[in-house]
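**Q** Take a look at the following structure, please.
The values are calculated or read from the model by the stated rules, or taken from the named source; none is laboratory data. The model shown is predicted, which means the values in this text are computed figures rather than measured ones. So basically every Cβ, Gly included, is an ideal-geometry build from the backbone, and we count neighbours across all protein chains shown.
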Amino acid sequence: MIKTPAGIPVVVERLPYSHSASLSVYLGTGSRDEMDEQAGISHMLEHMLFKGTFNRTAKEMSEQIEAAGGEQNGYTTREVTSYQAFSLDETVEVAQEILADMVLNPRLEANCLETEKNVVLQEINMLQNNPDRYIHVLFLEALWGNHPMGRSEAGTAETVTALAPRDVRDFFERRYRPPHMAVVAVGNIVPEQVVRWAESSFDKLAPIPAQARRTPPVANAVFKVYPREDRQAYVGMGFPGLCSTHPNRFAQRLTASILGMGTSSRLFQEVREKEGLVYEIYASSGSYTDCGAMRVFFNTTVNDQEKVIRLVAREIRRLKEEGLKEGELDRAKRLLKGIYVRGLESSEARMIRLGEIFMSTGEVMTAEETLRCMDMVTEEDVSRMAGELMVRDKLCIAMHAPGKESKKVAKDLNDLDF
């Protein structure tokens, strides 16, 4: 990692065998930094930066980046917003120019905002009509309640509709500045050239005043029902987890992997293969700058959701009481490492990995260092994580299912133990 004279971090990974270049500007602002009444403004602003600058129309940006053999993209999470440009290595200057123009000179016009509101409202509707995805949102809402970490990044139809052009412009001017900014680049590129571009483009930005420190969420141990009409039940259950800088975060990931990652995992074998109660069931581990979560997701018929929840609880109890089976940790490590390295086969994926790690930890971790950290996890580490994190008194369950039956299930689960 190198810093420009003004202190903007520049993270570069050169891949001399590649013929592509992937560039991104990361901003350390996301949906958790919004006021309640402006929920979704980070995501809306991300959309708006693709609607044209004072130098280029949206159509001109698209034509120029595609003529350079590339494309543009971006995304918003709870903690960061990222803008990306990809190109051939021989046309990287075009990608750099367009990316800088987007971040520095967006028009943010009122008529474009009204048009884009409709697009975002469609996005919100699509999410709510896709229960496999929506249960992830509902689980974090149940876990973290009214804290901004418990909200969807997209906001709500009401808050998005109410956004005014001045709101979007103010948020841009207050948030899109150093020191919460970083440049990340991967591909067949010259690191010194990327640093010079970052310096000439962004060092002129005046730093924003110190922002109020983020407040970590307080986890809720609740069983919450989110009614739906269909007879299928979509369930998320889990616990508060470790933050992205915690030394045991890799042990947390492997604990989730053993429990429910892949078709050889405990949950898949017991619930899908032996009982035939679900099509898929899986566990995941997520970490943020000051909080985290361990989660299990599945969907089943409304009549079977209680049985599946109790089976999950049984497997958690077995993991805590009996420990790991012979070879189980090695298998989980290789699976997790295999998924990880396969995800690094494109410069785009490598860039996003570097950006996410740097923005959440302030460190640059190579792929080799990450793999070593996975290898260092012991059976004792996993057993300790299972005992410390998967505690019955901290269990949170979100049920997106028919209300009457699910409320009875939530009441009947009061005797759940592990």
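**Q** Is it the case, given these coordinates, that VAL308 is at pLDDT 95 or above, over 23 Å from LEU140 (Cα atoms) and touching a strand residue (DSSP E or B) at 6+ places or on another chain (Cβ under 6 Å)?
**A** Numbers: at pLDDT 95 or above: yes; over 23 Å from LEU140 (Cα atoms): no; touching a strand residue (DSSP E or B) at 6+ places or on another chain (Cβ under 6 Å): yes.
So VAL308 fails the test.
**Q** Output the number of residues of region 336-371 satisfying the condition of being farther than 23 Å from THR245 by Cα and of a type in the set (A, V, I, L, M, F, W, C).
**A** 0
**Q** Quick one: which of GLY145, GLY187, GLY241 is over 30 Å from VAL92 (Cα atoms), in contact with a Leu (Cβ under 7 Å, 6 or more places away or on another chain) and surrounded by 15 or more Cβ atoms within 10 Å (Cβ to Cβ)?
**A** GLY241
**Q** Taking region 317-338 as the region of interest, how many residues are surrounded by 14 or more Cβ atoms within 10 Å (Cβ to Cβ) and free of Cβ contacts under 8 Å to residues at least 40 places away in the same chain?
**A** Going through region 317-338 one residue at a time, the tally reaches 1.
**Q** On to the next question. Collect the residues in region 110-169 that are within 21 Å of SER285 (Cβ to Cβ) and without any contact (Cβ under 8 Å) to a residue 24 or more places away in the chain, keeping them in residue-number order.
**A** Passing the criteria: ARG133, VAL137.
**Q** Would you pick out the residues in region 379-411 that are farther than 24 Å from PRO217 by Cα and surrounded by 13 or more Cβ atoms within 10 Å (Cβ to Cβ)?
**A** If the condition is that a residue be farther than 24 Å from PRO217 by Cα and surrounded by 13 or more Cβ atoms within 10 Å (Cβ to Cβ), then GLU379, ASP381, VAL382, SER383, ALA401, PRO402, GLY403, GLU405, SER406, LYS407, VAL409 are the ones that fit.
**Q** Is one or more of the residues making up region 17-32 in a helix (DSSP H, G or I) and either among the polar types (S, T, N, Q) or more than 19 Å from VAL183 (Cα to Cα) (or both)?
**A** Within region 17-32, one or more residues are in a helix (DSSP H, G or I) and either among the polar types (S, T, N, Q) or more than 19 Å from VAL183 (Cα to Cα) (or both).
**Q** A follow-up question, please. Exactly one condition in (1) farther than 23 Å from GLN211 by Cα; (2) in contact (Cβ under 8 Å) with a residue 24 or more places away in the chain is false for GLY30; which is it?
**A** For GLY30, the exception is condition (1).
**Q** Report, by residue number, each residue of region 268-280 that is surrounded by fewer than 24 Cβ atoms within 10 Å (Cβ to Cβ) and either hydrophobic (A, V, I, L, M, F, W, C) or touching a helix residue (DSSP H, G or I) at 6+ places or on another chain (Cβ under 8 Å) (or both).
**A** Correct list: PHE268, GLU270, GLU275, LEU277, VAL278, TYR279, GLU280.
**Q** Any residue at all in region 267-286 that is basic (Lys, Arg), more than 19 Å from ASN130 (Cβ to Cβ) and in contact with a Gly (Cβ under 9 Å, 6 or more places away or on another chain)?
**A** No, region 267-286 has no match at all.
**Q** Further, regarding this structure: Starting from residues that are surrounded by fewer than 18 Cβ atoms within 10 Å (Cβ to Cβ) and among the hydroxyl-bearing types (Ser, Thr, Tyr), keep the ones in region 339-369 and report whichever is modelled with the lowest pLDDT.
**A** SER346
**Q** Among ALA157, ALA164, which is surrounded by 14 or more Cβ atoms within 10 Å (Cβ to Cβ) and closer than 30 Å to ASN129 by Cβ?
**A** Result: ALA157 is the single residue among ALA157, ALA164 that is surrounded by 14 or more Cβ atoms within 10 Å (Cβ to Cβ) and closer than 30 Å to ASN129 by Cβ.
**Q** I would also like to ask the following. Here's a check for you: in region 79-93, which residue that is surrounded by fewer than 20 Cβ atoms within 10 Å (Cβ to Cβ) and of a type outside the set (Ser, Thr, Tyr) is farthest from PHE358 (Cα to Cα)?
**A** Out of the qualifying residues, it is GLU90.
**Q** Has region 224-235 got any residue that is of a type in the set (A, V, I, L, M), in contact (Cβ under 8 Å) with a residue 12 or more places away in the chain and within 13 Å of ALA293 (Cβ to Cβ)? Please lay out each step first, then the result.
**A** Restricting attention to region 224-235, the residues satisfying the condition of being of a type in the set (A, V, I, L, M) are 225, 233, 235.
Checking the rest, the ones that are also in contact (Cβ under 8 Å) with a residue 12 or more places away in the chain come to 225, 233, 235.
Those still in the list that are within 13 Å of ALA293 (Cβ to Cβ) too: none.
No, there is no match, as no residue in region 224-235 is of a type in the set (A, V, I, L, M), in contact (Cβ under 8 Å) with a residue 12 or more places away in the chain and within 13 Å of ALA293 (Cβ to Cβ).
**Q** Among the residues of region 28-76 satisfying the criterion of being surrounded by 15 or more Cβ atoms within 10 Å (Cβ to Cβ) and of a type in the set (Lys, Arg), which is nearest to PHE171 (Cα to Cα)?
**A** Filtering first and then ranking leaves ARG32.
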